[in-house]
Each structure stands twice: as C-alpha cells, then as structure tokens.
1. Within segment 119-128, restricting attention to residues that are in contact with a Cys (Cβ under 9 Å, 6 or more places away or on another chain) and touching a residue at least 24 places away in the same chain (Cβ under 8 Å), which residue is most open to solvent (accessible area, probe 1.4 Å)?
2. If I ask for residues that are in contact with a strand residue (DSSP E or B) (Cβ under 6 Å, 6 or more places away or on another chain) and open to solvent by 70 Å² or more (accessible area, probe 1.4 Å), which ones from segment 136-174 would you list?
3. For Thr107, only one of the following conditions fails: (1) crowded, with 18+ Cβ neighbours inside 10 Å; (2) under 22 Å from Pro48 (Cα atoms); (3) more than 15 Å from the chain's Cα centre (by Cα). What is its number?
4. Within segment 43-78, how many residues turn out to be farther than 23 Å from Lys126 by Cβ and loosely packed, with under 14 Cβ neighbours inside 10 Å?
Amino acid sequence: MKKQLKKIIYNLGLITVVEKLNYKLTKIRREKENKIFLKAYPDVNLPPDFYMYETFDLNYEKFYNGGKDTAQWVVNTLSKYKQLDKVRILDWGCGAGRVLRHMPDFTINSAVYGSDYNTNYVAWCKANLKNCTVKENELTPPLEFDDNFFDVIYSISIFTHLSMEKHKQWLNEL
C-alpha cells in the first residue's frame, strides 16, 4: 500500500512537496528530544537538520550516539580480519559523517577517509570533521584515490540505492 501511494505521489509530480512536508513534520515531532540532546551535548557539532533527515533520521541522539555505536561495530567486525593499526580506512558513501566522525576514536594511528557524491555533505564533513579526509566522488567510478590506496573499505546502506549496473561498476572499483 505504501509503495503504491509513493508511486501515485511521484506520478502526480508531488514528491518534492510531500518530502518537504514530511521533513517539517519530522522536525516538529523531534524538536523536544533534540533540544534535550543539545542540552546534554552542547559541544557536539551536528550537520544541518536536512542533511540528517536525508541520510538517516532527524534524531540527534540516534545520529550521534547511534553513529558512534555503528563505528564501534564496524571496527569490531573488521578487526576480526585485519588489525586496524596504522591503516587507511575509507567510508565509501559517508553522507554527513554519522559513522565516519567516530572512526578515528576507535582506530590506532590510522588515516580515516570518507567519500560521497553529495557536494553539500562533503563540504560539511570537510569543514567539521577534523580527523578525517573527505573527498567528493561521482555517481560512477573512479574514486580520486590511487589503486590499492586503502587497507579497508566499508560502506553502510549504499548499494541498496544503486542499480545492478552501478553495483558491478562500484564493486570493481572498490
């Protein structure tokens, strides 16, 4: 039912209007809990609300602390296969840095990189995530890094947004 409704809205050319409305309603719904988060974490620098809404959820607590938990999970999982000491790590499709921002805290003397196709997210990450190097990529390969530059590459919920053709192209690149 939800899928059919989205298709109707899209076909009527109303998707942008509905998305803006949903964003505003979400912002109102999350206002109280987000104020509580800001009071508890006054020094946390968060991306603009719309960036969080687009990439994850407009819930500051889940964005920040959930991103930290996810970074810890990624490191724990990767550590089973590779020692994460003095390595180069790429968060491919880093978005607004939800997970990326925490990776330097969980690795030892490693260089942490992010890449994303969204110019706004990349600009925000570059300006605000001081322990990470972030570069913009296109929707199709290649990345702006030399072959075999990275020791570890991870990606969270990116391939689900790509066509099968793009899957193959990016798998070959990565």
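The values are calculated or read from the model by the stated rules, or taken from the named source; none is laboratory data. Just so you know, these numbers come straight off a predicted model, no measurement behind them. A quick note on method: Cβ atoms are made from the backbone with ideal geometry, for glycine too, and the neighbour counts reach across all protein chains shown. Remember, those area values only see protein heavy atoms, side chains included, never the ligands or the DNA or RNA. Shrake-Rupley method; radii C 1.70, N 1.55, O 1.52, S 1.80 Å.
1. Start the filter on segment 119-128 by keeping residues that are in contact with a Cys (Cβ under 9 Å, 6 or more places away or on another chain), which leaves 121-122, 125-126.
Within this subset, residues satisfying the condition of being touching a residue at least 24 places away in the same chain (Cβ under 8 Å) are 121, 125.
Details: Tyr121: 17, Cys125: 0 Å².
Once the filter is applied, the top-ranked residue is Tyr121.
2. Glu144, Asp151
3. (2)
4. Total meeting the criteria: 4.
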